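Student: One structure follows; several queries about it will come next.
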Amino acid sequence: MSVVSTPAVLLRSFNYSETSRVLKLYTKDLGLVSVMAKGIRRGGARGQGCPDTFSRGELTAYVRPTRDLQTFKEFAVEEAGTALGKDVLRFAGASVLAEIVLLHAGSDASSEIFERLTDALRRIEAEPKAGIVGAVLAEAWLLVATLGYEPQIDLCVHCGRALGTEEVSRFDFSAGGVRCSDCAFDHSGPLVGPGARKQLAALLQGTAPEVLGKPRAHLRLLHDFVAYHISGSSPLKAFRVFGALAGFDE
Ligand SMILES: [Zn+2]
């Protein structure tokens, strides 16, 4: 067993017993880590409370590589997640990102994923209210791409032809991108028109279009893409909550 300190972001925590809590963090040096923290509870005594979800800082833990649950020593908070916790839509948006990382099985340590995630949380915290949905979509697609699943939207995934700027396409989840109009006729994936494809291209660059057309369809596409490629079809709860809060309830 060794004592390890690493930059970390708290993604989730839950009570384990009367006095203990399990914390799930994404760390720069160890990837996804679960730690058992004895003596801290939400609303615990002063100095012993659990840090707010999405807090960033330095985690110190006793680590045994063969174990799934490590032992917490301390978490020195550098940026508290308080601002995200105060706004339900921001919190739900950040939870979408957390869900993607938590469901990505075998999250090896990646400083790229760590930086992506922490930058995303800062952006969602600071974004003006009207831009939150766009920012979450942009950051979620950037994160998905960083995890290695960037969708192909310029060339047809079936025949390889470059799509015309006004061409209607269909999204092919198993192939991980769009089919051109020639290859889309017998495919049941969702329609992606030229406008939606342009917006998706902007989101993949991290830019939220000023007016996001059909935000519900964008969230659905992201959800179905993550469900297909990352979660192994597990239900994505945070997506549903975020969609409902953003007003896209079915
Ligand atoms: Zn094609």
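Student: Say we join alpha carbon atoms closer than 10 Å with springs in a Gaussian network model of the chain; which of 224, 182, 154 then has the biggest fluctuation?
Tutor: 182
Student: Let me check something: with ligands and nucleic acids excluded, how do 2, 233 order by accessible area (1.4 Å probe), largest to smallest? Could the numbers behind the result be given before it?
Tutor: Details: 2 55, 233 95 Å².
These residues rank, largest area first, as 233, 2.
Student: Under the Karplus relation 6.51 cos²θ - 1.76 cosθ + 1.60, θ = phi - 60°, what is the ordered set of whole-Hz ³J(HN,Hα) values for segment 197-202, x standing for Gly and Pro?
Tutor: Calculated HN-Hα couplings, in order: 5, 5, 5, 5, 4, 5 Hz.
Student: Could you name the lysines in cross-link range of residue 86, using Cα to Cα under 18 Å and dropping any fewer than eight places away on the same chain?
Tutor: 129
Student: Can you list the residues, at least 5 places off or on another chain, whose amide H is less than 5 Å from the amide H of residue 70, using H built in the peptide plane?
Tutor: Answer set, sorted by chain and number: 34, 35, 36.
Student: Considering amide H positions built from the backbone, and no H for Pro or chain starts, which residues 5 or more places from residue 109, or on another chain, come under 5 Å of its amide H?
Tutor: Residues meeting the amide H criterion: 31.
Student: Something else now. Tabulate in residue order the Karplus-calculated ³J(HN,Hα) for segment 203-213, using 6.51 cos²θ - 1.76 cosθ + 1.60 with θ = phi - 60°, rounded to whole Hz; enter x for Gly and Pro.
Tutor: With the stated coefficients, segment 203-213 comes to 4, 5, 8, x, 9, 8, x, 4, 10, 8, x Hz.
Student: Report the local net charge at residue 5: Lys and Arg +1, Asp and Glu -1, summed over other residues whose C-beta lies under 15 Å from its C-beta.
Tutor: Details: positive: 28, 56, 73; negative: 29, 58, 74, 78.
That sum, taken over residues with Cβ under 15 Å, equals -1.
Student: Convert 4 °C to kelvin, take the viscosity as 1.567 mPa s, use the Kirkwood radius over C-alpha pairs of segment 123-194 as Rh, and evaluate the Stokes-Einstein diffusion coefficient in µm²/s, rounded to a whole number.
Tutor: Details: Rh = 13.5 Å.
In µm²/s, the coefficient rounds to 96.
Student: Still on this structure, I have one more. If you take the charge dipole of the chain about its Cα centre, with +1 on Lys and Arg Cβ and -1 on Asp and Glu Cβ, which of 15, 201, 245 is farthest toward its positive end?
Tutor: The one lying farthest along the dipole's positive direction is 15.
Student: Which of the aspartates and glutamates could a cross-linker span from residue 214 if the Cα-Cα distance has to be under 17 Å and same-chain partners fewer than 8 positions apart are dropped?
Tutor: Result set, ordered by chain and number: 224, 249, 250.
Student: Hey, another quick one. Under 12 Å from the Cβ of residue 158, count the other residues' Cβ atoms, weight Lys and Arg +1, Asp and Glu -1, and hand me the total. Walk me through the intermediate numbers first.
Tutor: Working: positive: 161, 170, 179; negative: 172, 182, 186.
Result for the neighbourhood of residue 158: 0.
Student: Something else about it: Report in % the part of the accessible area of the chain that belongs to carbon and sulfur, leaving out ligands and nucleic acids; probe 1.4 Å.
Tutor: Values: 6210 of 12230 Å².
The C+S portion of the solvent-accessible surface of the chain is 51 percent.
Student: Turning to a different aspect of this structure: How would you classify segment 2-80 from its alpha-carbon gyration tensor, with a ≥ b ≥ c the square roots of the eigenvalues: rounded for a/c under 1.5, else prolate if a/b is greater than b/c, otherwise oblate?
Tutor: Details: a/c = 1.73, a/b = 1.23, b/c = 1.41.
The shape class here is oblate.
Student: If you place +1 on the Cβ of every Lys and Arg, -1 on the Cβ of every Asp and Glu, and leave all else neutral, what size is the dipole of segment 2-80 about its Cα centre, to the nearest 20 Debye?
Tutor: Numbers: 12 positive and 8 negative charges, 52 e Å.
Here segment 2-80 has a charge dipole of around 240 debye.
Student: Name the long-range amide H neighbours of residue 172: under 5 Å, sequence gap of 5 or more, or other chain; modelled H, no Pro or chain starts.
Tutor: Here 177, 178, 179 satisfy the definition.
Student: Calculate, in nm to one decimal, what residue 205 and residue 152 gain on full extension: separation in residues at 0.36 nm each, minus their alpha carbon distance.
Tutor: Details: separation 53, 0.36 × 53 = 19.08 nm, distance 1.28 nm.
That pair, residue 205 and residue 152, stretches by 17.8 nm at full extension.
Student: Residue-wise, which Karplus ³J(HN,Hα) couplings in Hz belong to segment 231-242, taking 6.51 cos²θ - 1.76 cosθ + 1.60, θ = phi - 60°, and x for glycine or proline?
Tutor: Values per residue, Gly and Pro as x: 8, x, 6, 4, x, 10, 5, 5, 4, 5, 4, 4 Hz.
Student: While we're here: Using a ≥ b ≥ c from the Cα gyration tensor of the chain (square roots of the eigenvalues), is it rounded, prolate or oblate, where a/c under 1.5 gives rounded and otherwise the larger of a/b and b/c decides, a/b for prolate?
Tutor: On the way: a/c = 2.54, a/b = 1.93, b/c = 1.32.
Prolate.
Student: Go ahead and estimate [θ] at 222 nm for the chain from helices alone: -39,500 (n - 2.57) per DSSP H run with n ≥ 4, summed, over the residue count, rounded to 500. Present the calculation step by step, with values, prior to reporting the outcome.
Tutor: Details: 8 runs with 90 residues, N = 250.
Rounded to the nearest 500, the figure is -11000 deg cm²/dmol.
Student: I need the chymotrypsin sites (Phe, Trp or Tyr not before Pro) found in segment 174-249, filtered to DSSP loop residues with at most 12 other beta carbons within 10 Å of theirs.
Tutor: Numbers: sites: 185, 225, 228, 239, 242, 248; in loops: 185, 248.
For chymotrypsin sites (Phe, Trp or Tyr not before Pro) across segment 174-249 that sit outside H, G, I, E and B with at most 12 neighbouring Cβ atoms in 10 Å, the list reads 185.
Student: While we're looking at this one, here's another question. So with the 1.4 Å probe, I'd like the accessible area per residue for the chain, rounded to whole Å². Walk me through the intermediate numbers first.
Tutor: Working: 12230 Å² over 250 residues.
About 49 Å² of surface per residue is accessible.
Student: Quickly rank 167-175, 80-88 as a protection proxy: mean count of other C-beta atoms within 10 Å, highest first. Walk me through the intermediate numbers first.
Tutor: Working: 167-175: 18.1, 80-88: 16.1.
Put in order of decreasing packing, that is 167-175, 80-88.
Student: Between 211, 96, 226, find the one with the highest GNM mean-square fluctuation for the chain; connect C-alpha pairs within less than 10 Å.
Tutor: 211
Student: While we're on this one: Show which lysines lie in cross-link reach of residue 73 when reach means a straight Cα distance below 24 angstrom and same-chain residues fewer than eight apart are skipped.
Tutor: Result set, ordered by chain and number: 24, 28, 38.
Student: Using unit Cβ charges (K, R positive; D, E negative) and no other charged atoms, how large, in debye to the nearest 20, is the dipole of segment 89-245 about its Cα centre?
Tutor: On the way: 15 positive and 17 negative charges, 106 e Å.
Computed about the Cα centre, the dipole is about 500 debye.
Student: Counting Lys and Arg as +1 and Asp and Glu as -1, what is the net charge of the other residues whose Cβ lies under 14 Å from the Cβ of residue 58?
Tutor: Working: positive: 28, 56, 73; negative: 29, 74, 78, 79.
Around residue 58, the surrounding residues sum to -1.
The values are calculated or read from the model by the stated rules, or taken from the named source; none is laboratory data. Everything quoted here is computed from the prediction, not taken from an experiment. Cβ sites come from the backbone with ideal geometry, for glycine too, and all protein chains shown count toward neighbours. Note: areas computed on protein heavy atoms with side chains; ligands, DNA, RNA excluded. Shrake-Rupley method; radii C 1.70, N 1.55, O 1.52, S 1.80 Å.
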